[in-house]
Amino acid sequence: MSDTIFTKIIAREIPADILFEDEQCLAFSDINPQAPVHFLVIPKKPIATINDIAEEDEAVVGHLHRIAAQICADKGVAEQGYRVVMNCNEYGGQTVYHIHLHVLAGKPMGWPPYQEKLKTA
Ligand code: AMP
């Protein structure tokens, strides 16, 4: 897998507003926030998409969720609630091919998350 901008953030080659780091993951604010609180939680291991998650990666993917919840608790938004999203490939709206949890909070979220009506043939 080729390097992405997230690999460069992990390596501190480009700046980011880092919220949390441990051996397995990094969390930082999204540069283009879609909610009052919007941060990303990424594994340090570069896994391109959800489709590429291997059995050996199950623990780190669970860890990303636990850290997301911990940061939400620290920010005081856990009780009100929040949304966690992982986009996959073109139709999922993925633009950076290094898996990441989007964590959005601080306002009520709408559902469904898309605007257009489903086309019927
Ligand atoms: P996705 O479209 O699901 O792949 O999400 C990629 C996310 O990465 C977008 O929400 C971008 O705003 C965010 N992003 C891209 N570059 C940076 C960066 N340098 N620092 C923080 N967030 C970034």
Out of 99, 10, sole residue that is touching a residue at least 40 places away in the same chain (Cβ under 8 Å) and either in contact with a Cys (Cβ under 7 Å, 6 or more places away or on another chain) or crowded, with 17+ Cβ neighbours inside 10 Å (or both)
99
Every pair of residues 6+ apart whose Cβ atoms lie under 6 Å, when the first sits in the range 29-46 and is among the aromatic types (Phe, Trp, Tyr) while the second is buried (at least 21 other Cβ atoms within 10 Å of the Cβ):
39/27; 39/103
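No lab work stands behind these numbers, since they all come straight from the coordinates. All values derive from a computational prediction rather than experimental measurement. Because the Cβ atoms are built from the backbone with ideal geometry, glycine has one as well, and the counts that use them run over all protein chains shown.
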